[in-house]
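J.: Sending over a structure as structure tokens; questions will come in a sec.
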Amino acid sequence: MTVTAELRDVTKVYGSKIVLDTVNLQIHEGEILALLGPNGSGKSTMLKILAFIENPTEGEVTFQGEKVNFKNTEKVRLESTLVFQKTTVFGTSVYNNIAYGLKLRKVPKEIRDMEVKKALELVKLTGFEKRNARKLSGGEQQRVAIARALVLKTKLLLLDEPTANLDPKNVGILEEVIETVNRESKTTIVMATHNMFQARKLPHRIALMDEGKITEVGAPAEVFGKLSKNLARFAAVDNTFTGTAKILASG
């Protein structure tokens, strides 16, 4: 199995606080990997390191088989893009927002137009091209932000709580976008979430995080099937029991 990125003994320290503690993780090409854990578990910091906008205090990161030099990340940053939890859109048209990265990369206008059109169709915002992005709803702005990342067609797409605080309609649209992009483009996606229902449904694998450590990695059925102490604590389950439930004839 091809590895897109790998963290080897990665530790990140801010001041006296250890945010990531000796993390080891392989991210497989073409998978959706969910970083599942409570607030403060290190999910967002890991995404920033994978986006090459934060450097590890200790350890190393490889990308497509090569060790990343965090003193010179210009090339690798073209292959990884991060959509932050707090959406940022520019005070201009939806078209200009989505085309921004393509313009910086000097992509010809006719190709920019085509890619923006496809992205708008995917996030169900066709016809919004001339609308001011800052006047859209929060969910629509999040869809614009994700479309802006999608048109770049990077090897690694990083999503930090992509559906947090959104209404069910926008959650459904964005979950469909994530599945479609992964299925059709084989894009490797790493998403941070604390939504256990989403973590059961979307990813191929889950990395369960707690206090800066990865405590478990596995398929959703595997991680949820055994309901470990770490998962039970995160889910605020006080008592867990193992056994078989049966419906008796007497009811």
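Rule-based calculations on the coordinates, nothing more; no lab input. This one's a predicted model, so the numbers in the text were calculated from it and none came from an experiment. Here Cβ is always computed from backbone atoms with ideal geometry, including for glycine, and neighbour counts include all displayed protein chains.
J.: So for region 3-234, taking the charge dipole from beta-carbon charges (+1 Lys/Arg, -1 Asp/Glu), which of ILE111, LEU174, LEU157 sits furthest toward the positive end?
T.: Highest projection toward the positive end goes to ILE111.
J.: Return the single residue from ALA219, ALA207, ALA199 with maximal mean-square fluctuation; model: Gaussian network over the chain, springs between Cα atoms under 10 Å.
T.: Between ALA219, ALA207, ALA199, it is ALA219 that shows the largest mean-square fluctuation.
J.: If you don't mind, there's one more thing I want to ask. For the chain, with a Gaussian network of springs between Cα atoms less than 10 Å apart, report the residue from LYS124, LYS155, LYS75 with the top mean-square fluctuation.
T.: LYS75
J.: Calculate for the chain the 222 nm mean residue ellipticity that helices alone would give, adding -39,500 (n - 2.57) per DSSP H run of length 4 or more and normalising by residue count, nearest 500 deg cm²/dmol.
T.: Values: 9 runs with 87 residues, N = 251.
So the helix-based figure for the chain works out to -10000 deg cm²/dmol.
J.: Here is a follow-up. Nearest 20 debye, what's the magnitude of the dipole of region 78-218 about its Cα centre given +1 on Lys and Arg Cβ and -1 on Asp and Glu Cβ? Walk me through the intermediate numbers first.
T.: Values: 24 positive and 17 negative charges, 123 e Å.
Value, rounded to 20: 600 debye.
J.: Rounded to the nearest whole Å³, what is the per residue volume of the convex hull around the Cα atoms of region 1-138? Walk me through the numbers on the way to the answer.
T.: Values: hull volume 21.8 nm³, N = 138.
For region 1-138, the hull spanned by Cα atoms encloses 158 Å³ per residue.
J.: Separate question: Would you mind estimating how fast region 3-234 diffuses translationally, via Stokes-Einstein at 37 °C and 0.692 mPa s with the Kirkwood radius over Cα pairs, in µm²/s?
T.: Working: Rh = 18.2 Å.
Value of D from the Cα-based Kirkwood radius: 181 µm²/s.
J.: ³J(HN,Hα) across region 59-67 via Karplus (A = 6.51, B = -1.76, C = 1.60, θ = phi - 60°), whole Hz, x for Gly/Pro?
T.: Going residue by residue, I get x, 9, 10, 10, 9, 6, x, 10, 5 Hz, with x marking Gly and Pro.
J.: Hey, another quick one. Name the longest site-free stretch of the chain, where the excluded sites are chymotrypsin sites (Phe, Trp or Tyr not before Pro) in a DSSP loop with no more than 15 other beta-carbon atoms within 10 Å. Don't skip to the end; give the middle numbers.
T.: Values: sites that count: PHE70, PHE90, PHE241.
That would be 91-240.
J.: For region 1-61, what's the relative contact order in percent, using C-alpha pairs closer than 8 Å and at least 6 residues apart?
T.: Working: 92 pairs, mean separation 25.8, N = 61.
Once normalised by length, the contact order is 42 percent.
J.: Would you order MET196, MET46, MET114, MET1 from fewest to most other beta-carbon atoms within 10 Å of each residue's own beta-carbon?
T.: Values: MET196 17, MET46 29, MET114 13, MET1 7.
Least to most surrounded, the residues fall as MET1, MET114, MET196, MET46.
J.: Using a 10 angstrom cutoff on alpha carbons, build the Gaussian network for the chain and name the most mobile of LYS117, LYS226, LYS86.
T.: With Cα springs under 10 Å in the chain, the top fluctuation among LYS117, LYS226, LYS86 is at LYS226.
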